[in-house]
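In what follows, a single structure is set out as structure tokens and then discussed.
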Amino acid sequence: MFEAINKGTLSWDEMLTCSEYAASMGGSQIYLEQGETMSVSDLFKSIAIASANDSCVMIGERIGGSIEGFVDMMNEKAKELNLTNTHFENATGLHDDNHYTCALDLSTMAAYLIEIGGDTLFATTSLYDSYIREDSDSKFWLVNTNKLLNSYEGCDGLKTGYTKEAGYCIVSTAKRNGLRLIGVVLKESDPKIRNSEVAALLDYGFSLYESVTLFKKDEVIENVDIKNATVSSVDIVALNDITYIKNKNNTSEITYNLEYTNLNPPLNQGDVVGYLIIMQDNESIGSYELSVKEDVEALSLIEKAYENLLDFL
């Protein structure tokens, strides 16, 4: 869904019409009726908060042209994300012997969803409850089954699930002091055990790792000489916060290298002029884009000729 939203092929306020097939879904649902219309925004809210299978099918039919087309898209995306133990047979997660995944693949899916969904995603997944059909006589209360939202510090998503065959499952995420972790627990016999185990898993991660910021966005990293420009040097800044994840038990030194790919004027703020490479134990652990603090104008041909003459003299 977020891929379609980001591409502009789907919008949050678009109204979709429930098909006969979508209305026939069992399991968790918001009891959509055939022919009923609902906005993409409310359908997503129903999926993210209440695991509504009928809403999943409506969205899938819209994006894929048919539910079969959407499932094909899901499996293609699984290949792109290198999910080696995942295969989809439906858009709902209802049981099918050939519909399967694993904890590692679910964490990869979650990380990708967070990457493309960002704050818009968390604005919904962090809701403990909400409503749909608010302006009708069929106002419907959605209550989130992710109880960690109210009990675990920093938790803002993502999704619980249950079938008889899969048991109680959860993909949970929490953020503390700039560090976001994802925890996955599958096939538990009781939701309380599932919740306590994923909380313990996240606690373990936060006890081992921390997020360290080397440079903030737009912070000056160094000043470099520049040729053929109306200025002799320029400040280099980070295009985004430059951070890395530190294992608290690893005492090896963190260093960084600056590698410039384009310092030929004219240059504009926001242009990528190079990269900061974070190193640990002689291995790269991150690469971040660099830019110039201010626009840099190139010398005119006459100015350049004058500069060359001065160098010659």
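What to note about this one:
- Placing +1 on the Cβ of every Lys and Arg and -1 on the Cβ of every Asp and Glu, with no other charges, gives region 142-189 a dipole of roughly 80 debye about its Cα centre.
- Karplus-derived 3J(HN,Hα), 6.51/-1.76/1.60, for each residue of region 45-56, Hz, glycine and proline x: 4, 5, 6, 5, 9, 10, 6, 5, 5, 5, 5, 4
- Convex hull volume per residue for region 43-87, taking Cα atoms only, in Å³: 81 Å³
- Evaluated at q = 0.16, 0.21, 0.24 Å⁻¹, a Debye calculation over the C-alpha positions of region 1-99 (equal weights, vacuum) places log10 I(q)/I(0) at -0.66, -1.12, -1.38.
- Length-normalised contact order for the chain - Cα pairs under 8 Å, 6+ apart - percent: 9 percent
- Within the chain, helix-based [θ] at 222 nm, where runs of 4 or more DSSP H residues each add -39,500 (n - 2.57), nearest 500: -10000 deg cm²/dmol
- Full-stretch length increase - Ser207, Lys77 - with 0.36 nm per residue and alpha-carbon distance subtracted: 43.5 nm
- Put a plus charge on the Cβ of each Lys and Arg, a minus charge on the Cβ of each Asp and Glu, and nothing anywhere else: the dipole of the chain about its Cα centre is then about 880 debye.
- In sequence order, region 278-283 has phi-based couplings of 8, 10, 9, 6, 6, 10 Hz under the Karplus curve 6.51 cos²θ - 1.76 cosθ + 1.60, θ = phi - 60°, and Gly or Pro positions carry x.
- Calculated Rg and Dmax of the chain using C-alpha coordinates, Å: 25.3, 87
- When nucleic acids and ligands are ignored and a 1.4 Å probe is applied, Lys79 ends up with an accessible area of around 140 Å².
- When restricted to Cα atoms, region 100-219 yields an Rg and a Dmax of 16.1, 54 Å, respectively.
- Only one residue of Ala4, Ile278, Ile221 has its Cα farthest out toward the positive end of the dipole of the chain, where Lys and Arg carry +1 and Asp and Glu -1 on Cβ, and that residue is Ile278.
- Whether region 115-176 is rounded, prolate or oblate, judged on the alpha carbon gyration tensor where a/c under 1.5 counts as rounded: oblate
- The chain, accessible area per residue, ligands and nucleic acids excluded (1.4 Å, Å²): 56 Å²
The values are calculated or read from the model by the stated rules, or taken from the named source; none is laboratory data. Everything numeric in this text was worked out from a predicted model, so none of it was measured. When we count neighbours, we look across all protein chains shown, and the Cβ atoms used for this are built from the backbone with ideal geometry, even at glycine. To get the accessible areas, we keep the full protein, side chains included, count just its heavy atoms, and leave off ligands, DNA and RNA. Shrake-Rupley method; radii C 1.70, N 1.55, O 1.52, S 1.80 Å.
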